[in-house]
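Derivation of every value follows stated rules applied to the coordinates shown; laboratory data play no part. Just so it is clear, the structure is predicted and the values come from calculations on it, not from any experiment. Neighbour counts run over all protein chains shown; Cβ positions are idealised from the backbone, glycine included.
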Amino acid sequence: MGTNGAAAYAGAARRSLRVTLAAGAGFFLFLYGFGSTVAATYALFSAVSLAGLSRIPGTGRQRAGMVLRLIPAAWLLVVVGTFLAVRTWTAVAGMLVIGFALAFVAVGGPRPAGAAPGLQLLYILPSFPPYAPDTLGERLIGTTTGLLLLVLAEAFVLPEPPTLPYRELAARAAITAERCAGELARAPYALSPATAAAARAAGEALRPSNVPEAERPAGAGVRSRGLGHTGLAARTLLNRLGRLPGPPPGPEADPDREAALALLNAVGRSAADTAALLRGAPGPVEPKPSGPGRERAALAAAPTGGAGPAALRRRADLLEVADAALVLAAAAALAVRGREAAPDVPSGRFWYARMRAPRLWWVRLMGNAGSRSVFFQNAVRTSLALAAARAVAGLDTLPHGFWAMLATLTLTRTTMEATRSSIRQALAGTLIGALCTAGVLSLVGTHTTVYAIVLLPIMLFTFTVGPVKGIGWSQALFTMTVALVFAQLAPATWRLAEVRVLDVLIGSAIGAVFGLLAWPRGARREVRRAGAALLRSAAEAVVTTAAALTAEGVRDVDVPPEHKSLRHSLVLAESAFAQLQSEPGSAQGRLLVDWQAVLLAGHHTLWGAGRVLAPPAPGRGPADEGVPPLEPAAAAALTRLGDRVAGRMLMLSAVLDPIEDSRQAPAAPYADGAAGTVTAGAPTGYYAADAWLASLLADLDRIADSTAAPAAAAPTGAADTTGVKGGTPGRGGR
């Protein structure tokens, strides 16, 4: 067994011990201590639902906190399920509505998504006959006891070491940015190899794929959104510091050298203040987030006479660095202080800062309430399958019908290929488990003491081996476990194993049908569609921003409609990418395209457009004059570059779109300094926009590189093979 395999078994064994202790203690307490089969059943399945069936990310203490907060929701589900079980049609209707709601709650982040299957089971269990509202008290007592025992087990049994919070990762990145700014502010005005490597490592540490699920800022609230933007701003600041060129030689070529060095020192101080704020140090006396705003304004207002193109381009790059530092400080303030920091941050960039939590959750839900959202697709698929399973179980009076629903819940996948594979393995495992169970029940008969003795070892083995070995082993071992449980609740014969096989067969068939009918290709196709739509929205934003800068100037700093469309496209693309990473069986195709680079290009377009459209800094002109239009020569050069960026975005979107058949020739990769034709005499606004568009081309080159690699490596017809550099684009994985 390799190191990874041993680690997987060790982690599974820890989780298995916790769920076994919690479920077994509650089951034996009520069954043999108080003689209540109802409370015993609910105590056992409550612990199993949120520890065995669910995969709540985080350490034991983090999961314990999550389970504790879910107890009121568990009460509500048990109560509603108990009373809706009065008729089959009410139970089916409840399953349709509540099943959708519990599946759709995954839009709230990894923790709600991980808990959703367990909550589904807590509702499934009481929604079956007999209709017995008189036992509601026992059901609630058993549920509460099982969940409280699970909380204690998660918190105190073999606790894992704590993981680094995302705030600490962002604080470390800010400290690294301070180090970079310090080196760039003194001779030789360049980063040392060690500092450059540290900057790259700090930026990589903030990538969601490198952060434990429980630490990712994926919530809908102001603090969570602010923390997510803090990480993005920190990565942006580190990247810009790493690409900042040194001052051109000769004092006459860079008349603003002192102002530039003062700005870099201010960026370093701001980064240090941000790190202290993220680590819990008292904030500044003034409510405004600290940042190099004054130094940025001084550099922007400095005269440009005598400055050469290299100096003007460096000035634009320095202003980009200062902007990233300001964004980092503002985002960190929102992450730490929430809405208290809202009056001091720009509303366009941080559109959510002044909204209350219910409104933000409504925005999150409405942003995913459509057929293009994979969260919506999963919720519809799950609720329809569960409602159908409940209808079949109720109309045919299927014995242990909730087993069929459990099979539907656990075996339905987001792609038909994965569903077919899981069903095949599950049926084989269930059949083997049923044969073993039938033999045990035939030999032991009604001697419940034997079942009680072997239950805990079998349960421990089930939840240790099953998650590591796969669905086949899980179904085989779980079949034996549930048979041992029900053999203690009521006299059982070998036919109990037969019923278990029948239930799994019915449940898996229903899951297969709805997996085929409802979006059977999962997120792999949807992420391509969402990524293509994101790039099209970004191209539209680039064109409108360039037109405003080159033709009319900008007098209204409100968010243009194109930017709102881009923001909505970002929401859908991020949700599709999150779902893609969680789909089993898609490892070969899901990472061929650098989807995170697609998302970063969208964010960079949105934030950069807002930045270059911002009013001039103090000292450059009256605020009500807005951003003045460029001179004809500069406008023509910027228009060409904007068209080139937008065209490249559209070309890449055509490659990524799963329904695109065009085979356009790829645009040439961008070479630094080759975009603009204006040199001496161009205004500073030109260089700011040029720096933004040039960095967007660099982002697009990273996307193009990732799509070109699979075209060369994958065989013809392989999934998700595309190419946009050095060859003809493919069809986007059709």
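A few comments on the model shown:
- Computed over region 212-278, the alpha-carbon pair-distance distribution with 5 angstrom bins reads 3, 13, 16, 19, 15, 11, 8, 6, 4, 3, 1, each value a whole percent.
- Segment Arg243-Ser442, extension gain: residue separation times 0.36 nm, minus the distance between their alpha carbons: 64.3 nm
- Point-to-point label distance, Ala201-Ala73, nm (Cα→Cβ direction, 7 Å offset): 3.8 nm
- Each peptide in 166-174, 351-359 receives the mean, over its residues, of other Cβ atoms within 10 Å, and ordering these scores from highest gives 166-174, 351-359.
- In this structure, Phe34 and Trp362 have a Cβ-Cβ separation that, at R0 = 35 Å, corresponds to a calculated FRET efficiency of about 0.20.
- Sorted by Cβ neighbour density within 10 Å, fewest at the top, the residues Ser224, Ser569: Ser224, Ser569
- The Leu158 and Arg424 beta-carbon pair, evaluated with R₀ = 45 Å, returns a calculated FRET efficiency of approximately 0.85.
- In summary, region 1-159 shows an alpha-carbon radius of gyration equal to 1.06 times the 2.2 N^0.38 Å reference for compact globular proteins.
- Working value for region 10-61: equivalent-ellipsoid semi-axes of 24, 11, 7 Å, each the square root of 5 times a Cα gyration tensor eigenvalue, largest first.
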